[in-house]
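A quick write-up on the structure given underneath.
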Amino acid sequence: MNTPKKIFLLLFSFTSFNSFTQTISIPSPWKINNVSKYELQQQNIGGIYGEDHIEQSLKTFQIKVIKEFPKPNAGFLVEWKYLSYITAATDTLEESCPIIDKKFLLQTPIFIRVDQKGTYQGLADKLDLQKKYMAFYAKSIKEGSAPFCMDMLKSNMARGNSFSDIFDAIVPEIQRFFTAFSLLPCDEKGESVDTTEKFKSAGGAVTEVPKTFRLKPEIIGNDLKVSFEMKVSEKEYKKMFETNTRKAWDDEGFSTTDSSRIRLEEKLAAFQPKNRQKLEATFNKTDGSLSSFEFIVDEWLMMKGGETQKYFFKKQ
């Protein structure tokens, strides 16, 4: 599964293709003391529980521009504050560790560094946030929460995962949200790039699969809608997937007449691997604010499972 950081870098790489000969320009929404509130509807489909599994969450948050940084590292300090936080793990399944995270997030502002456009640059207060987070965990466990939550946290960090990586995994929506601003500025005619992506099989063979990037702006009244899609050819991806999978079965000694192989072939025929990102952001042309943003990631890369992540942000 792509991390939020990888997705941001991919979009940044795409914007490097833009010639910007005729760009659509809107005002910058990044001004000191600007405050905006958003609702986030999030949906995860599939994952380790199978393709029929759906998790939904509803969160609201506020962002406030705190400070502006001058060149050469121009950008802004933004405060992200959760106002409400409803997820299956914290409100239906009542899993202990996510509940600790929820309580921490509802009382702790998160400070983020963004560049001049508003694209995510990282946590601005990593060390301070880590101290607060660890102290909150220790306090929660002392008050009766499950001790294994702290053990899991320490184990993750002992395996080389940084606090930033762990925190990003808890709140992936933060990086998803700021990705909207990487879509601007854009050429008024849009962009279309046909390229390929290299995939390596278990045996070491490399296959190039066609991949497309599409960016399309559209002015609707006082709004600017920008659509972006990165998509690996499903037809060619499936062909490569089937070839690699059958080779692996052959190497393991599965005969094509074996009953278990026949059942696997039926599953393989029905499975459509996917590797796609689809974004659609709507900006207000008058003040440059983000009115809504949909972010969809499809990653169905293994026959045993995959995941579709959907994020829909709407300004309140």
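The values are calculated or read from the model by the stated rules, or taken from the named source; none is laboratory data. Since this is a predicted model, take the numbers as computed values, not measurements. Cβ atoms come from the backbone with ideal geometry, glycine included; neighbour counts cover every protein chain shown. We work out accessible area using only protein heavy atoms, side chains counted, and drop any ligands, DNA or RNA first. Shrake-Rupley method; radii C 1.70, N 1.55, O 1.52, S 1.80 Å.
Would you check if GLY288 is of a type in the set (Gly, Ala, Ser), modelled with pLDDT of 95 or more and open to solvent by 60 Å² or more (accessible area, probe 1.4 Å)? So GLY288 fails the test.
Only one residue in LEU264, LEU268 is in contact with a Ser or Thr (Cβ under 7 Å, 6 or more places away or on another chain), over 19 Å from LYS211 (Cα atoms) and either open to solvent by 50 Å² or more (accessible area, probe 1.4 Å) or of a type outside the set (D, E, K, R) (or both), so which one is that?
Working: LEU264 fails: in contact with a Ser or Thr (Cβ under 7 Å, 6 or more places away or on another chain).
Exactly one of LEU264, LEU268 is in contact with a Ser or Thr (Cβ under 7 Å, 6 or more places away or on another chain), over 19 Å from LYS211 (Cα atoms) and either open to solvent by 50 Å² or more (accessible area, probe 1.4 Å) or of a type outside the set (D, E, K, R) (or both), namely LEU268.
Restricting the range 283-304 to residues that are among the charged types (D, E, K, R) and not in a loop (DSSP other than H, G, I, E, B), which is farthest from ALA270 (Cα to Cα)?
To start, the set of residues in the range 283-304 that are among the charged types (D, E, K, R) comprises 285, 287, 294, 298-299, 304.
Checking which are not in a loop (DSSP other than H, G, I, E, B) leaves us with 294, 298-299.
Details: GLU294: 28, ASP298: 17, GLU299: 16 Å.
Top of the filtered list is GLU294.
In the range 108-147, which residues are touching a residue at least 24 places away in the same chain (Cβ under 8 Å), hydrophobic (A, V, I, L, M, F, W, C) and either closer than 26 Å to TRP30 by Cβ or open to solvent by 80 Å² or more (accessible area, probe 1.4 Å) (or both)? Matches in the range 108-147: ILE110, PHE111, ILE112, VAL114, LEU123, ALA124, LEU129.
Scan the range 163-213 residue by residue and report those that are among the hydroxyl-bearing types (Ser, Thr, Tyr) and either within 16 Å of PHE111 (Cα to Cα) or touching a Lys or Arg at 6+ places or on another chain (Cβ under 9 Å) (or both).
The initial filter retains those residues of the range 163-213 that are among the hydroxyl-bearing types (Ser, Thr, Tyr), namely 164, 179, 182, 192, 195-196, 201, 207, 212.
Selection gives SER164, SER182, SER192, THR195, THR196, SER201, THR207, THR212.
For the range 219-226, the count of residues that are under 17 Å from PRO273 (Cα atoms), open to solvent by 40 Å² or more (accessible area, probe 1.4 Å) and either among the polar types (S, T, N, Q) or in a strand (DSSP E or B) (or both) is zero.
Restrict the check to the range 245-253 and report whether at least one residue is surrounded by 17 or more Cβ atoms within 10 Å (Cβ to Cβ), part of a strand (DSSP E or B) and out of contact with any Pro (no Cβ under 9 Å at 6 or more places or on another chain). Spell out the reasoning first.
Going residue by residue through the range 245-253, those that are surrounded by 17 or more Cβ atoms within 10 Å (Cβ to Cβ) are 245, 249.
Then drop every residue that is not part of a strand (DSSP E or B), which leaves none.
The answer is no; no qualifying residue exists.
Residue check: is ILE296 surrounded by fewer than 17 Cβ atoms within 10 Å (Cβ to Cβ), among the β-branched types (Val, Ile, Thr), in contact with a strand residue (DSSP E or B) (Cβ under 8 Å, 6 or more places away or on another chain) and farther than 29 Å from GLU55 by Cβ? Write out each step before concluding.
Details: surrounded by fewer than 17 Cβ atoms within 10 Å (Cβ to Cβ): yes; among the β-branched types (Val, Ile, Thr): yes; in contact with a strand residue (DSSP E or B) (Cβ under 8 Å, 6 or more places away or on another chain): yes; farther than 29 Å from GLU55 by Cβ: no.
Considered against the rule, which asks whether it is surrounded by fewer than 17 Cβ atoms within 10 Å (Cβ to Cβ), among the β-branched types (Val, Ile, Thr), in contact with a strand residue (DSSP E or B) (Cβ under 8 Å, 6 or more places away or on another chain) and farther than 29 Å from GLU55 by Cβ, ILE296 comes out as no.
Could we say that GLY144 is on the phi > 0 side of the Ramachandran plot and either more than 21 Å from the chain's Cα centre (by Cα) or modelled with pLDDT under 95 (or both) here? So GLY144 fits the description; yes. Taking the condition under 21 Å from the mean Cα position of the chain (by Cα), more than 30 Å from SER227 (Cα to Cα), open to solvent by less than 50 Å² (accessible area, probe 1.4 Å) and at pLDDT 90 or above, does PRO172 pass? It is false that PRO172 is under 21 Å from the mean Cα position of the chain (by Cα), more than 30 Å from SER227 (Cα to Cα), open to solvent by less than 50 Å² (accessible area, probe 1.4 Å) and at pLDDT 90 or above. All of (1) in a strand (DSSP E or B); (2) open to solvent by less than 20 Å² (accessible area, probe 1.4 Å) hold for LYS64 with one exception: (2). Just one residue in the set PHE20, PHE8 is surrounded by 16 or more Cβ atoms within 10 Å (Cβ to Cβ) and modelled with pLDDT under 90; that residue is PHE8.
Can you work out which of the residues in the range 73-107 that are of a type in the set (Ser, Thr, Tyr), more than 19 Å from the chain's Cα centre (by Cα) and under 20 Å from GLN62 (Cβ atoms) is surrounded by the fewest Cβ atoms within 10 Å (Cβ to Cβ)?
Of all residues in the range 73-107, those of a type in the set (Ser, Thr, Tyr) come to 82, 84-85, 87, 90, 92, 96.
Still in the list and also more than 19 Å from the chain's Cα centre (by Cα): 84, 90, 92, 96.
Now narrow it down to the ones that are under 20 Å from GLN62 (Cβ atoms): 84, 90.
Working: SER84: 11, THR90: 20.
Filtering first and then ranking leaves SER84.
Of the helices (runs of 4 or more DSSP H) entirely within the range 97-201, those holding at least 2 residues that are more than 28 Å from LYS314 (Cα to Cα) occupy 126-142, 148-158.
Does GLU229 count as among the acidic types (Asp, Glu), in a strand (DSSP E or B), in contact (Cβ under 8 Å) with a residue 60 or more places away in the chain and within 27 Å of VAL171 (Cβ to Cβ)? Judged against the criteria, GLU229 is not a match.
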